[in-house]
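What follows is a set of notes on a single structure, which appears directly below.
Since every read-out is calculated from the coordinates, none of them should be taken as a lab result. Every value quoted in this text rests on a predicted model; they were computed, and no experiment measured them. For neighbour counting, all protein chains shown are included, and Cβ atoms are generated from backbone atoms with ideal geometry for every residue, glycine included.
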Amino acid sequence: MNRPLQAALSKLRNNKNGCLTGSSLTQSQRRALEDFGRQTGAVNWMPKGRGIIYQSQQPEVIEQHWQQLTPYDKAAADKNLPARATNIAKTRNSKSGQHQHEYYYLPLKAKGSVSWHNDNGYLLDLQEATKQMGAATLKISEKEDIGWQSKSPLWLIENQALFDHLDWLPEQQACSVLYYSGHLQNLLINWLARHRRANKIYFFPDYDGVGLKNYARLKHKLNMPVEFWLIPNWKNLLLKTGSNELWKNTNREFKSALPDIKSLCSDEPELIELLETMQINGLALEQEAVWLNSQT
């Protein structure tokens, strides 16, 4: 798909006079339009003042190429279509342009007696849903927010094994556990920031650059208690079972997160100690190591 040519032809077709100034096109669009003109003779260009004018010479050829590039022109203008269907109509590629899904689904489980409620008066008995169905799911979006919240702590965890088995959780009050699968979506962070969804958020990722970067993003955005959860005996686990390969693979994210963590987390000295220990030893730790505590 020649996106610069598609963009240039779109501008040319939408101009009633069939001409464009060079300043209305990007450099890549000008190059693509000139290549197209040389190959087909459908467009020519000439100097005008300090710029260039592009002129349509064969509208039928331009229209033929446009239809090849944009198979469903009318569908692309339908605002009721999902974004990815519109992208296919425009470019034959669902992931071109804006392709983030409108909705995001939050898998939740309960430890103990936990409920969620929203502004419409609905109540989710998360403990019962976990018992009967294994988990519950909340649908969220940027456009709609009906205020789902709980009075219990909320844990954000990165990997499914810890969502499948909750026996690693500390012996404490009842809580909700949310599985976010690796990368914290902006949609989820924004949703957490709009309302106080829980009385406290515990963040438990892999101890690597990605996990630390995600925590910095959370701390920067949320105006509520958020804590990076450290496995008891984390230092021994890191030194004994930590991965140099994972450290290397996420080192770029670690370096990016480091100044933000030190700035935003001055009240978490043990977290700063974790960063320093990781850096000195060149090690990262996957969160499933939490089950190895009894082995060290």
Of the listed pairs Lys139/Lys255; Lys139/Lys219; Lys111/Lys200; Lys131/Lys213; Lys143/Lys221; Lys200/Lys240, which have alpha-carbon separations greater than 25 Å here? Lys139/Lys255; Lys131/Lys213; Lys200/Lys240
Report the label-to-label distance for Ile53 and Asp260 in nanometres (one decimal), using points 7 Å from each Cα along the Cα→Cβ vector. 5.0 nm
Treat the count of other C-beta atoms within 10 Å as a stand-in for reagent exposure and order Lys200, Lys111 from fewest to most. Lys200, Lys111
Only counting other Cβ atoms within 10 Å, I'd like Tyr103, Tyr180 sorted with the fewest neighbours first. Tyr103, Tyr180
With a Förster distance of 22 angstrom and the Cβ-Cβ distance between Ser181 and Asn118, calculated FRET efficiency to the nearest 0.05 equals 0.40
Could you please rank Trp116, Trp291, placing first whichever residue has the fewest other Cβ atoms within 10 Å of its Cβ? Trp291, Trp116
Point-charge dipole on Cβ atoms (K/R +1, D/E -1) for the stretch 103-295, about Cα centre, debye to 20: 380 debye
